[in-house]
């Protein structure tokens, strides 16, 4: 996981969100909804990410953390990521800004897949370590449920969804290895195929299916929340 003082993401050419495959737009909107902890249709540090950082760090009480100051690392990382997506720097990220930021990341992946994969190992791999409470290189159901709960989502469907993804990868049920996690993250972000196991990464937590055109019409009539 990178700190908020770094910018490890790849330099990306501009890529309009309108060029994104519909499957990827749906996934990015789904991810936006997952991160929207307070359900107000925007991402803010106070409403969404600061409480998540506190909750994830609290899991490590009494344990040796993967960072000397885990809470500060999480706060800095969320602050950096939200600022990177906030194109007008008004302190909040709309659906449109969120999708557009992922269009730029997709363009970077297409321009330099190996560099993008190295970034995934650093960023997503670092976050894996934050969730992997016992440090065994596997995420168990409790780890995944704690992540969903930090954002206010139910966990009843996580086990079945996890086992389905693992089966599609030819892996045994119940535990998510680090390398499989990185594969699923890459597929979710970059592989538009509905057959990719990673396309289901954020299933099982009670999210509704977004419209692929939703972001194209959002905020065009001055209806952003204040």
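Every read-out reported here was derived from the displayed coordinates using simple, explicitly stated rules and does not represent laboratory data. All figures in this text were calculated on a predicted structure; none of them were measured in a lab. Neighbour counts run over all protein chains shown; Cβ positions are idealised from the backbone, glycine included.
Selection of region 32-73 for residues being closer than 21 Å to residue 102 by Cα and surrounded by fewer than 16 Cβ atoms within 10 Å (Cβ to Cβ) yields 39, 40. Among residues of region 180-206 that are touching a residue at least 40 places away in the same chain (Cβ under 8 Å) and on the phi > 0 side of the Ramachandran plot, those with a beta-carbon under 7 Å from a residue that is crowded, with 19+ Cβ neighbours inside 10 Å and in a loop (DSSP other than H, G, I, E, B) at least six positions away or on a different chain give the pairs 206/153.
Does region 173-194 hold any residues that are within 14 Å of residue 144 (Cβ to Cβ) and in a helix (DSSP H, G or I), and which are they?
Taking region 173-194 and keeping what is within 14 Å of residue 144 (Cβ to Cβ), we get 173-178, 180-181, 184-185.
Answer for region 173-194, where residues must be within 14 Å of residue 144 (Cβ to Cβ) and in a helix (DSSP H, G or I): 178, 180, 181, 184, 185.
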